[in-house]
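One structure is given below, encoded as structure tokens.
The values are calculated or read from the model by the stated rules, or taken from the named source; none is laboratory data. Not measured: the values here are computed from a predicted model. So basically every Cβ, Gly included, is an ideal-geometry build from the backbone, and we count neighbours across all protein chains shown. Note: areas computed on protein heavy atoms with side chains; ligands, DNA, RNA excluded. Shrake-Rupley method; radii C 1.70, N 1.55, O 1.52, S 1.80 Å.
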Amino acid sequence: MSITMSRGQAYVQRLNDERNVWLDGERIQVTGHQAFQGTLQTIEGLFNLVDDPETRETVAYWDEQTGSYVHRSFLVPRSLPDVNSRADAFRLWADRTYGVMSRLSDYARSRLTGWYATRHEMTAHDPAFAGKISAYFEQAKRNDAFLTIVQRDPQINRSLPVGEDEDAMLRIVKSNAEGVVIRGAKMVATAAPYADDIIAYPVQRIPGHLPELAHMVIVAAGSPGLHMMCRESFATKDTDKSHLLSAQYDEMDAVLFFDDVFVPWERVLLHNNPEAVWQIRCNTASASLAYHQSVIRLHSKLEFITAVTSAIAKEIGVDSFLNVQEQLGELISQMQTIEGLIIAAEAQSKPDAFGNWLPEFKYIETARNLGNRYYPRAVEILKTIAAGGLIQIPSGTFEMNEKMGSMIGKYLGGVTMQAPEKIRLFQLAWELTGSPLGARHDLYERFYAGDPVRNRANQYVQYDKERLLGKVEPWLRRSLKD
Ligand SMILES: Cc1cc2nc3c(=O)[nH]c(=O)nc-3n(C[C@H](O)[C@H](O)[C@H](O)COP(=O)(O)OP(=O)(O)OC[C@H]3O[C@@H](n4cnc5c(N)ncnc54)[C@H](O)[C@@H]3O)c2cc1C
């Protein structure tokens, strides 16, 4: 009897290559390491939804080129129903992981889809780009590739002008007929240790006189010379059942060291080309498709934290107090604001010059820029309402000895819940607020899309202010005597 691997198993199997993943000072095999077990199981399950008859039509579409079902993040939207169907696929993965896993590759795949869909725009900058990105897009679709993106250089001395700490920046040190050799470092690359490929390009504008720093490359995660240095793992031991979110959903973050990594020419999408790399960085199709996924995930996460906070308020009997209701109302208005912006972005989606239907970016951008304040505020509200209860969670198992068990049962129950359920609820709340996973999520929502200060400022800079100023102007012409 032949045993065929599921799509998820095939993905996990692919990670058994020579990749250099460093954790706790040692080079480790991700598939065999306890720190990655829960996360890989989660991703395996999500990948399998593409073939599950119950979820397949939501999460995937039939792709003629590959003759297979493909995740909808690869779908180039050509109509409003396409935009909505991509949203349904994002929502399904996000809801299954409570919005806690952000880089399940649907973000990076969507960026790729956007660049592919608008590839001809780049021909003036580099005639080879369209062919290269088409070939890679088809390959990634066919291989169901798990992708991630990294843009930032290491935080050494941000006061230096671009290029002055050139040694740290990713650059080409050699090239020949087959490809290039790159050296340097990048941060932060979420999910890189278990990705198939990593897409790297600079986040900042590279000045025209430094073309050697302006590239866009796609690097296989198992490339010799690429070292992925993980932060500490938050996935707790198998035996610990009190950190269930961390055990299942710790998407790892890593710093990448490129110690002379070979990249074949077909994966060097742009080369020595500051203007072209800047166009890629600013590409609206790619940003609109990818952040559409991000804000749908954010909405799932806000729903989850609102659910946990509401359950706690009810269980400790504070949900009838006006101040508590006001804070719960704030959580609901956060959730509904993001939901409303997603609806508006989809309803106002329209075709670009190439016939791609794109969610309206101004609403996606607003949702994204609100998210970096909303989520930290949601965590603050959960802490304010749960208060000392977050610290009265017993460590270890609570079915200890008979005497302790009966006292826990007597003193740690809630309005309707018995002690075991209420302890579970507070464990969940602690994971969102006080655990290393919770702290990482607070930081993630603030920074994942880049510097929130510059992102918001950019929204002002890009806005058509003439129209606004026009509303003030008639008042300026009125005589002070009127
Ligand atoms: C958990 C996590 C996961 C992430 N995952 C990814 C990922 O997978 N891929 C990816 O590409 N990115 C990822 N990011 C985002 C990215 O790596 C950066 O965190 C983000 O772009 C901000 O840059 P920085 O952290 O280097 O902060 P810095 O740029 O060093 O900023 C530090 C502080 O200085 C201020 N500052 C810095 N420069 C200036 C300036 N010129 N003018 C004014 N103020 C300034 C900033 O406002 C900020 O307060 C992730 C971030 C986090 C926190």
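For this structure, a couple of remarks:
- The residues of the range 329-360 that are surrounded by fewer than 19 Cβ atoms within 10 Å (Cβ to Cβ), of a type outside the set (Ser, Thr, Tyr) and in a helix (DSSP H, G or I), listed by number, are Gly329, Glu330, Ile332, Gln336, Glu339, Gly340, Ile343, Ala344, Ala347.
- Only listed residue being free of Cβ contacts under 8 Å to residues at least 40 places away in the same chain, away from the ligand (no atom under 16 Å from the Cβ) and surrounded by 12 or more Cβ atoms within 10 Å (Cβ to Cβ), chosen from Met407, Met417: Met407
- Residue selection: Ser288 satisfies the criterion of being outside the structural domain of Ala200 (by TED's automatic domain parsing), open to solvent by less than 10 Å² (accessible area, probe 1.4 Å), under 26 Å from Gly450 (Cα atoms) and in contact (Cβ under 8 Å) with a residue 24 or more places away in the chain.
- Output for the range 171-205, where each listed residue is part of a loop (DSSP other than H, G, I, E, B), out of contact with any Ser or Thr (no Cβ under 7 Å at 6 or more places or on another chain) and either open to solvent by less than 10 Å² (accessible area, probe 1.4 Å) or modelled with pLDDT under 95 (or both): Tyr201, Pro202, Val203, Gln204, Arg205
- Scanning the range 120-162 for residues that are within 30 Å of Ile43 (Cα to Cα), outside any loop (DSSP other than H, G, I, E, B) and either open to solvent by less than 20 Å² (accessible area, probe 1.4 Å) or in contact with a Ser or Thr (Cβ under 9 Å, 6 or more places away or on another chain) (or both) turns up Ile133, Tyr136, Phe137, Glu138, Ala140, Lys141, Arg142, Leu147, Thr148, Ile149, Val150.
- Residue within the range 117-139 that is in contact (Cβ under 8 Å) with a residue 60 or more places away in the chain, out of contact with any helix residue (DSSP H, G or I) (no Cβ under 8 Å at 6 or more places or on another chain) and within 12 Å of the ligand (Cβ to nearest atom) present: no
- Whether a residue is in contact with a Lys or Arg (Cβ under 7 Å, 6 or more places away or on another chain), more than 16 Å from the ligand (Cβ to nearest atom), among the hydrophobic types (A, V, I, L, M, F, W, C) and farther than 26 Å from Phe447 by Cα was assessed, and Val50 passes this test.
- If you go through the range 426-458 and keep only what is open to solvent by 20 Å² or more (accessible area, probe 1.4 Å), among the aliphatic types (A, V, I, L, M) and farther than 30 Å from Phe361 by Cβ, you end up with Leu428, Ala439.
- Number of positions in the range 12-45 that are under 20 Å from the mean Cα position of the chain (by Cα) and farther than 17 Å from Met252 by Cα: 1
- Enumerated helices (runs of 4 or more DSSP H) restricted to the range 1-80, each holding at least 2 residues that are surrounded by 14 or more Cβ atoms within 10 Å (Cβ to Cβ) and in contact (Cβ under 8 Å) with a residue 60 or more places away in the chain: 7-14, 34-48
- Evaluation of Gly450 against the conditions (1) within 27 Å of the chain's Cα centre (by Cα); (2) assigned to a helix (DSSP H, G or I); (3) modelled with pLDDT under 95; (4) not polar (S, T, N, Q) shows that the sole unmet condition is (2).
- Residue match in the range 49-67 (condition: touching a strand residue (DSSP E or B) at 6+ places or on another chain (Cβ under 7 Å) and of a type in the set (S, T, N, Q)): no
- Condition met for Leu390 (farther than 26 Å from Val188 by Cβ and not in a helix (DSSP H, G or I)): no
- Scanning the range 426-435 turns up one or more residues that are farther than 14 Å from Leu244 by Cβ and not assigned by TED's automatic domain parsing to the domain that holds Val203.
- Extreme residue, farthest from the chain's Cα centre (by Cα), among residues of the range 206-243 that are acidic (Asp, Glu) and modelled with pLDDT under 95: Glu212
- Within the range 241-267, being under 17 Å from Tyr98 (Cα atoms), buried (at least 22 other Cβ atoms within 10 Å of the Cβ) and away from the ligand (no atom under 16 Å from the Cβ) holds for one residue alone: Ala247.
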